[in-house]
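Have a look at the structure below, then the notes.
What follows draws every value from the coordinates through simple rules; no lab data is involved. Note that the coordinates shown come from a computational prediction; the quantities given were computed from them, not determined experimentally. Cβ coordinates were reconstructed from backbone atoms using ideal geometry, including for glycine residues, and neighbour counts include every protein chain displayed.
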Amino acid sequence: MLEQKVSGILLPISSLPGKHIGNFGKPAFDFINHLVDSGQSVWQVLPMGPIIEGDSPFYSPSTFALNPYYIDLEDLVEKNLLTKNELSIFYSGFDIFNPSQINYEQLWNMHKSLLQIAYNRLINKDIHPKLQTNFSNFQQKHSPWLNDYANFMGIKQMISEKDPEKNTWFKWDDEFKNKEKFDTNLNKFINSQDNLSSLNWDEEKINKFTIIQKEADFQKFMQWLAFSHWDKVKKFANERNISIIGDDPIYVAPDSADVWANRDAFKIDNNGELECYAGVPPDYFSPKHGQFWGNPIYKWWNNEQELINEFNDTLWQKKERNYENPETIPNLIPETLAEFQKKGELNNAAVNFVAQRLKHKLRLFDELRIDHFRGFSGYWEIPAKKSTVEIDGKRINTAKYGNWMPGPGLKLFEEVLKIFDGYSKLKELPIIAEDLGVITPDVEKLKKAIGPGMQVFHFAPWGDLFYEKRGKKIKLNYAAQIDRLKQKGIDFSQKDSWNNLYYLRDNQFVPFGNHEFLPHNAEETQKLVAYLGTHDNETTIGFFNNPDVPAVARRLMHDYITMHSDEYLLNNRAIETLFNGNARYAIVQMQDILGLPNEKQGVKYRMNQPNTLGNWLWKLSPGEFSRHYRKRLSEITERTGRIYKKN
């Protein structure tokens, strides 16, 4: 992490102003130049893997692969793998669509067939011998994950043609579900290319493996292109003193090459069925069922059941569990958890998978934000047999019957450090901990040992119940009565005045000015990476325009940012407030720089609204991040002392 205060922009690759979608070509290089022009030092992206469900970058068939949609198609023309006319025809298929929205259906229908044309030209060795050599070197370098991913996608392609109802790997026939059996048969097939009859296979089986191998080779080709293009983007950024922060969820998708090829790292039975699922418990926001994510859980411990039997009476708080009341959920007791982790024998398969994953990501990015970091300390585990309930005749997923379980804690990262190159101390790992949600003392301890946490300005307690201090007594005072405090002479343009308001946290009265998500408290709380909002939040203008947000909440935020900035536009005032804080990194979404609402005239600018459809669609229009916006952002950045100064 940079030692000085800097700022940056959160913008997914998909949201760059490409004709069809953001990509690793000219839109990326132009944006890096715009970052420099606007005084920024950090570019944060979202996960860059292939997408398979709901267009979400957080749900991918591989944690190692890159999204082929991001390939720089213009570069393929320069390499004579595509013609200008072929690319022009492809682009024309997007002319009728709104330039601010990604049309994934059109991409799905057109993109792969275009790249297939390029691949067919590449495999003609007489035309492209140098590219063939580069492609071969890439396959060798990335073989530990690339072969498994390519074969996995090859099987999925074959299944989609032969038996589409078995569309996920846990529904496949055993000869494909069982990776060891599949690898054995694939090697036989490859080694018998000159004499397939020697296999004594029927024609149908030969046909299946032919489809798989052809698709696998094509998948490797797309990964080679994507990685070679991303390498150029990152090099270009770093040469201009721009650091790139990647984003990675703690869990992987169930229908992924990661799980299929690394079963021993996860809690999966002999039939390939998940024994339990990831999620989070019921809370204020999801009181009935919590959040059921459906991801597989890591098998962290070889001796988990033995230790649970040993520590069963002291591992969890003593509470009488009422599944209809989230407040009765027993948390892990930090002291016993530490003893559990000390005596626990880590599962090498899980450790190696996580280590190789992090090592791979930190080659792609300068720093890495890990989503749901708290899961490394203690995680919510939902037994498969208790993962659904019947409501109105329909079965739905639920997280309510889960339990907090012991994660690997510091022990995992100490093992990971042994596998990494170039890092001798845990604090040197360039990891940012997403420490939002239920954060207990054990999570705080782990975060302090590993890396900085996060602030989200939108999560300050705007609109909560506030309490007014009167002499030695603290009396309930709803935030709607803030005008009365002003009439008493309390000047909310002064920072100390905010401590006349209190809010209730863990049954204790806390001065508002001490809240962990206020920018001036970042250093004290070690939440050194501050955001106005993340991809899951409303835009700042969307927050102020949202009729569901209490008027007093908007009023309080307005008063607070007015204390820290004289900027005319509300979004710029909020940005300057964030930049004036003492977080090391202050990062804003591009939508907030442009002052965009959540939605307008059918265009959804908000990146993601959890538990809804139609997300991940927004992208910049060409020229939208204009010189006007860049100049204003540069002025704010300079005024708040966040221009990077190279030593």
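Net charge dipole, the range 242-353: roughly 120 debye, given to the nearest 20, about the Cα centre with Cβ charges of +1 for Lys and Arg and -1 for Asp and Glu. Dividing the mean sequence gap of close Cα pairs (under 8 Å, 6+ apart) by how many residues the chain holds gives a relative contact order of 17 percent. Here the range 28-92 is treated as a Stokes sphere of Kirkwood radius computed over C-alpha pairs; at 25 °C and 0.890 mPa s its diffusion coefficient rounds to 170 µm²/s.
Working from label points 7 Å from Cα in the Cα-to-Cβ sense, the N270 to S621 distance is 6.1 nm. Simple rule: put +1 on each Lys or Arg Cβ and -1 on each Asp or Glu Cβ in the range 70-231, find the dipole, and look at L107, L81, P164; the Cα lying farthest toward the positive end is L81. Shown here for the range 279-373: trypsin sites (Lys or Arg not before Pro) in loop regions (DSSP other than H, G, I, E, B) with at most 15 other Cβ atoms within 10 Å, namely K288, K318, K319, R321.
Between the Cα long axis of helix 129-141 and the first principal axis of the chain there is an angle of about 60°, rounded to the nearest 10.
Using Cα positions and a limit of under 28 Å, work out the lysines in reach of K394, with same-chain residues fewer than 8 apart set aside. Straight-distance partners of K394: K166, K171, K267, K288, K385, K386. For the chain, the longest principal axis of the C-alpha atoms and the axis of helix 26-37 are separated by about 30°. Here Cα extents along the principal axes in Å was computed from the coordinates, and among [x] 82, 57, 49; [y] 93, 64, 55; [z] 84, 68, 51 the match is [y]. Across the range 70-231, C-alpha contacts under 8 Å between residues 6 or more apart give a mean separation that, scaled by the residue count, equals a relative contact order of 28 percent. Rounded to the nearest 0.05, the FRET efficiency derived from the C-beta distance between Q106 and Y568 at R0 = 41 Å is 0.55.
Given R0 = 22 Å, the distance between the Cβ atoms of K130 and D231 translates into a calculated FRET efficiency of 0.85. Which lysines, if any, have their Cα less than 16 Å from the Cα of K600, not counting same-chain residues under 8 positions apart? Straight-distance partners of K600: K619.
Positive end of the dipole of the chain (Cβ unit charges, origin at the Cα centre): among Y323, N302, N615, the Cα lying farthest that way belongs to N615.
For K319, a cut-off of 20 angstrom between C-alpha atoms picks up these aspartates and glutamates, skipping any fewer than 8 places away in its own chain: D283, E310, E327, E335, E381, D442, D506.
Among Y119, F94, H142, pick out the residue whose Cα is farthest towards the positive end of the charge dipole of the range 68-159, where Lys and Arg carry +1 and Asp and Glu carry -1 on C-beta, about the Cα centre. So the residue we want is H142. Dipole magnitude for the range 6-143: about 440 debye, using +1 per Lys or Arg Cβ and -1 per Asp or Glu Cβ, origin at the Cα centre. Rounded to the nearest 10 degrees, the inclination of helix 410-419 to the longest alpha-carbon principal axis of the chain is 40 degrees. The helix-only estimate of mean residue ellipticity at 222 nm for the chain, built from DSSP H runs of length n ≥ 4 each weighted as -39500 (n - 2.57), is -12000 deg cm²/dmol after division by the residue total. Let me make sure I get this right: for the range 326-454, a, b and c are the square roots of the gyration tensor eigenvalues over alpha carbons, sorted descending. Under 1.5 in a/c it's rounded, otherwise prolate if a/b > b/c, else oblate. Which is it? Cα axes put the range 326-454 in the prolate bin.
Beta bridges per DSSP, both residues in the chain: antiparallel share near 60 percent. Apply the a/c threshold of 1.5 to the C-alpha gyration tensor of the range 245-299 and tell me whether it is rounded, prolate or oblate. Verdict is oblate for the range 245-299. Given a Förster radius of 22 Å and the C-beta distance between D173 and L199 as r, what FRET efficiency does 1/(1 + (r/R0)^6) yield to the nearest 0.05? Efficiency for this residue pair is about 0.80. Centre-to-centre separation between the Cα atoms of the range 287-362 and those of the range 1-27: 35 Å. The relative contact order of the range 262-451 comes to 24 percent, based on Cα pairs under 8 Å that sit 6 or more residues apart. Here the range 262-451 carries DSSP beta bridges of which approximately 85% are antiparallel, counting only pairs with both residues inside.
Each label was represented as a point 7 Å from its Cα along the Cα-to-Cβ direction; for N546 and E635 these points are 3.0 nm apart.
In plain terms, the bigger the Kirkwood radius, the slower the diffusion; for the range 65-185, with that radius from Cα pairs, at 4 °C and 1.567 mPa s, Stokes-Einstein puts D at 76 µm²/s.
Using a simple spin-label model with pseudo-atoms 7 Å out from Cα toward Cβ, D163 and A384 lie 1.8 nm apart. Full extension of the chain between N303 and E523 gives 75.3 nm of extra length, using 0.36 nm per residue less the Cα-Cα distance.
Taking a ≥ b ≥ c as the square roots of the eigenvalues of the Cα gyration tensor, the range 235-339 is prolate, since a/c reaches 1.5 or more and a/b is larger than b/c.
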